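See structure below.
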Amino acid sequence: MKYDLDNNLVQLQNETIETFTASNVSNFEIFDEIFGGIRRFYSLPYAINGEYESPTFF
């Protein structure tokens, strides 16, 4: 699993690679080996520029 918070993308690799945006994913979690715990990310509407809100990972 790879995630790109700058571009709001999550990639899963099995036999193929699937890419999902924050519009397609409500939340995901990973185990962070550096901090030794689970990190949870949620997709929430957020206005980055102006008044238009789009799903963004937090």
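Return yes when residue 47 is aliphatic (A, V, I, L, M), without any contact (Cβ under 8 Å) to a residue 12 or more places away in the chain and open to solvent by less than 60 Å² (accessible area, probe 1.4 Å) and no when it is not.
Values: aliphatic (A, V, I, L, M): yes; without any contact (Cβ under 8 Å) to a residue 12 or more places away in the chain: yes; open to solvent by less than 60 Å² (accessible area, probe 1.4 Å): yes.
Yes: the conditions hold for residue 47.
Can you pull out every residue in the range 3-26 that is open to solvent by 70 Å² or more (accessible area, probe 1.4 Å) and at positive phi?
Residues satisfying the conditions do not exist here.
Look at residue 34 and say whether it is modelled with pLDDT of 95 or more, out of contact with any helix residue (DSSP H, G or I) (no Cβ under 6 Å at 6 or more places or on another chain) and of a type in the set (A, V, I, L, M).
Details: modelled with pLDDT of 95 or more: no; out of contact with any helix residue (DSSP H, G or I) (no Cβ under 6 Å at 6 or more places or on another chain): yes; of a type in the set (A, V, I, L, M): yes.
No, not satisfied.
If you take the residues of the range 20-57 that are under 10 Å from the mean Cα position of the chain (by Cα) and outside any strand (DSSP E or B), which of them is nearest to residue 8 (Cα to Cα)?
Checking each candidate, the answer is 22.
Note down all Cβ pairs under 9 Å where the first residue falls in the range 10-32 and is within 19 Å of residue 58 (Cβ to Cβ) and free of Cβ contacts under 8 Å to residues at least 40 places away in the same chain, the second is surrounded by fewer than 11 Cβ atoms within 10 Å (Cβ to Cβ) and among the β-branched types (Val, Ile, Thr), and they're at least six residues apart or on different chains.
Sorted first by the residue in the range 10-32, then by its partner, the pairs are 11/17; 29/38; 30/38; 31/38; 32/38.
The values are calculated or read from the model by the stated rules, or taken from the named source; none is laboratory data. Since the model is a prediction, treat every value here as computed from it, not as a measurement. Neighbour counts are summed over all protein chains in view; Cβ atoms, including those assigned to glycine, are modelled from backbone coordinates with ideal geometry. All accessible areas refer to the heavy atoms of the entire protein, side chains included, with ligands and DNA or RNA removed. Shrake-Rupley method; radii C 1.70, N 1.55, O 1.52, S 1.80 Å.
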